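The values are calculated or read from the model by the stated rules, or taken from the named source; none is laboratory data. As the structure is a prediction and not an experimental result, all values here were calculated from the model. Cβ placement follows ideal geometry from the backbone for every residue including glycine, while neighbour counts extend to all protein chains displayed.
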Amino acid sequence: MPTAEYTDATPNDVAKRLIAVRQRIEDAVGKAARKPGCVRLLAVSKTFPLSAIAVVATTGQRAFGENYAQEGVDKASQRPDLEWHFIGPIQSNKTRGIAEHFAWVHTIDRLKIAERLSAQRPLGLPPIQVCLQVNISDEPSKSGCRPDDALALCQAIAAQPNLKLRGLMAIPEATNDQATQCRHFAALRHLMAEINAADSSLQLDTLSMGMSDDLESAIAEGATVVRVGSAIFGKRTTPDSHGVSQ
Ligand SMILES: *Cc1c(COP(=O)(O)O)cnc(C)c1O
C-alpha cells in the first residue's frame, strides 16, 4: 500500500481543515444561489493511512475516495462502516475488488469496465452508483471518454443490471485561471443536460467535479460532488497520478 508517513497533521489540524473545506463549499453554494447542502464532500484519502481516515470519520464525514485499487480495497475492507468511492483509473484485472468493496465508482470510461463491475458485484449488495468519466478538456494523457461518445456509453452503462448510472465526472486540465476552470466545468454540465434531453430515461443527477484547488469554480458550475484530498489531509508525499494511468 503506497501509504505516506502521516506526520503532517494532528487530529486537531485535520478537523480544522475539514471545517474550513466545508465552509468553502457552503460559501460557494451560497454565492451561486444554490440550495444549502446540495454539494456532497468526498474526502479523498489516497496515500493516507487508516489512522488519518479515522480522524476525519469522527467528524461525521462518511464518504471517502481512493484511486489505487489494492490500497482502496485494503482500506475499505477494514472500514466497511464508511462509504467508499473509487476515483482512479481502472484496469480490467482490478475490477473484482472494486465491485466487492465500493459503493460508488466515478471513473468508468469504457463499456468493458462497466460490464465487469456489474457482473462481479456480489449478490445481495445494492447496485454500484457510477459516473461516466469524460475527457472534457480534451487532454491526450487523461482518462475519460470523448464527449461525443458519452450518450451511447451512458445508455450502455445504464443497461447493466448491477450498476446505477448517476452522472458524469471529469478531471479537467489543471489551471489557476478561473475562467478556464469554469469553462471546462460548464462543458460537463452542458453535456449532462444534453444527455438527459436526448434520453429521458437516464435522469442523470450527479456532476462529480472540483478538487482542493478549484472547488469554487466547480460549485459555481453545478458540481454535486467535490473530491477533496490535500485541503483536508495535507500534502501528499507520494507521487500523484490524478487520472493518469499508472
Ligand atoms: C487525488 C484526486 C483528487 C483530490 O485532489 P486534491 O487536489 O488533493 O484535492 C480528486 N480527484 C481525483 C480523481 C484524484 O485523483
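Taking Arg121, is it of a type in the set (D, E, K, R) and either surrounded by fewer than 22 Cβ atoms within 10 Å (Cβ to Cβ) or within 27 Å of Ala218 (Cα to Cα) (or both)? Lay out the reasoning, then the answer.
Details: of a type in the set (D, E, K, R): yes; either surrounded by fewer than 22 Cβ atoms within 10 Å (Cβ to Cβ) or within 27 Å of Ala218 (Cα to Cα) (or both): no.
No.
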Quick one: would you say Glu83 is touching a strand residue (DSSP E or B) at 6+ places or on another chain (Cβ under 6 Å), without any contact (Cβ under 8 Å) to a residue 24 or more places away in the chain and under 21 Å from Val225 (Cα atoms)? yes
Count of residues meeting criterion [surrounded by 14 or more Cβ atoms within 10 Å (Cβ to Cβ), in contact (Cβ under 8 Å) with a residue 12 or more places away in the chain and more than 17 Å from Thr107 (Cα to Cα)] in the range 176-198: 6
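Residues are listed down the side, and each one gets a yes or a no for (1) outside any loop (DSSP other than H, G, I, E, B); (2) within 27 Å of Asp27 (Cα to Cα); (3) out of contact with any Cys (no Cβ under 8 Å at 6 or more places or on another chain); (4) within 16 Å of the ligand (Cβ to nearest atom):
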{"residue": "Ile136", "(1), (2), (3), (4)": "no, yes, yes, yes"}
{"residue": "Pro140", "(1), (2), (3), (4)": "no, no, yes, no"}
{"residue": "Leu151", "(1), (2), (3), (4)": "yes, no, yes, no"}
{"residue": "Lys164", "(1), (2), (3), (4)": "yes, no, yes, no"}
{"residue": "Pro172", "(1), (2), (3), (4)": "no, yes, yes, yes"}
{"residue": "Ala179", "(1), (2), (3), (4)": "yes, yes, yes, no"}
{"residue": "Arg189", "(1), (2), (3), (4)": "yes, yes, yes, no"}
{"residue": "Thr237", "(1), (2), (3), (4)": "no, no, yes, yes"}
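Within the range 34-57, work out how many residues are in a helix (DSSP H, G or I) and either of a type in the set (D, E, K, R) or within 14 Å of the ligand (Cβ to nearest atom) (or both).
Taking the range 34-57 as the starting set, the residues that turn out to be in a helix (DSSP H, G or I) are 50-57.
Now drop any that are not either of a type in the set (D, E, K, R) or within 14 Å of the ligand (Cβ to nearest atom) (or both), which leaves 52, 56.
Number of matching residues: 2.
Taking the range 28-57 on its own, how many of its residues are over 20 Å from the mean Cα position of the chain (by Cα) and either touching a residue at least 60 places away in the same chain (Cβ under 8 Å) or closer than 20 Å to Leu82 by Cα (or both)?
First, pick out the residues of the range 28-57 that are over 20 Å from the mean Cα position of the chain (by Cα): 30-36, 51, 55.
Within this subset, residues satisfying the condition of being either touching a residue at least 60 places away in the same chain (Cβ under 8 Å) or closer than 20 Å to Leu82 by Cα (or both) are 31-32, 34, 51, 55.
So the count comes out to 5.
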I need a count of the residues in the range 1-15 that are loosely packed, with under 12 Cβ neighbours inside 10 Å and modelled with pLDDT of 60 or more. 2
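May I ask you to verify whether Val228 is touching a residue at least 60 places away in the same chain (Cβ under 8 Å) and surrounded by 19 or more Cβ atoms within 10 Å (Cβ to Cβ)?
On the way: touching a residue at least 60 places away in the same chain (Cβ under 8 Å): yes; surrounded by 19 or more Cβ atoms within 10 Å (Cβ to Cβ): yes.
Spelling it out, Val228 is indeed touching a residue at least 60 places away in the same chain (Cβ under 8 Å) and surrounded by 19 or more Cβ atoms within 10 Å (Cβ to Cβ).
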Quick one: Leu123 ticks every box in (1) within 16 Å of the ligand (Cβ to nearest atom); (2) out of contact with any Leu (no Cβ under 6 Å at 6 or more places or on another chain); (3) not in a helix (DSSP H, G or I) except a single one, so which number is it? (1)
